[in-house]
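In what follows, a single structure is set out as structure tokens and then discussed.
The values are calculated or read from the model by the stated rules, or taken from the named source; none is laboratory data. Since we're looking at a predicted model, the values are computed, not measured. Reconstructed Cβ throughout: ideal geometry from the backbone, glycine too, with neighbour counts over all protein chains shown. Accessible surface areas use protein heavy atoms only, side chains included; no ligands, DNA or RNA. Shrake-Rupley method; radii C 1.70, N 1.55, O 1.52, S 1.80 Å.
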Amino acid sequence: LALYDRTTGADLHWVEFDVSYHAGAMAMEDQDHVLLAVGSRVDRYTIGPNALEMVADLSGYGVTDIQGMAIDPQTGHLLVVDGPTQSLIEVAF
């Protein structure tokens, strides 16, 4: 997992990560947390202690395979794209 400076593109942080973990999408929650999506699950990776925890399972929203993810800067809600249905779902955390 690599993090880069938004302005310069310089490397900020490199972390060894389990190569069997295949995220379909990711979004920066803040400078210390990255959201990663696997299937319908959203995990939070915390930089520093290098901890990964599940924060949500979006299958209840009909999501089966998250293929895109962003955080709305106005609301702070998570926006996800479900690949099979090409649906955009907004989730308040």
Starting from the Cα of residue 7, step 7 Å toward the Cβ, then list every residue of the range 28-44 with an amide N under 19 Å from that point.
30-32
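Counting Lys and Arg as +1 and Asp and Glu as -1, each charge on the Cβ, what is the dipole of the chain about the Cα centre in debye, to the nearest 20?
Working: 3 positive and 14 negative charges, 26 e Å.
For the chain, the charge dipole is close to 120 debye.
Please report, in whole Å³, the volume per residue of the convex hull around the C-alpha atoms of the chain.
Working: hull volume 9.8 nm³, N = 93.
Dividing the Cα hull volume of the chain by its residues yields 106 Å³.
Using only C-alpha positions, report the orientation-averaged shadow area of the convex hull of the range 9-50, nm², one decimal. Mind dumping the intermediate values first?
Numbers: hull surface 13.7 nm².
With every direction weighted equally, the projected area is 3.4 nm².
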Send over a whole-number figure in Å² for the accessible area per residue of the range 12-58, probe 1.4 Å.
59
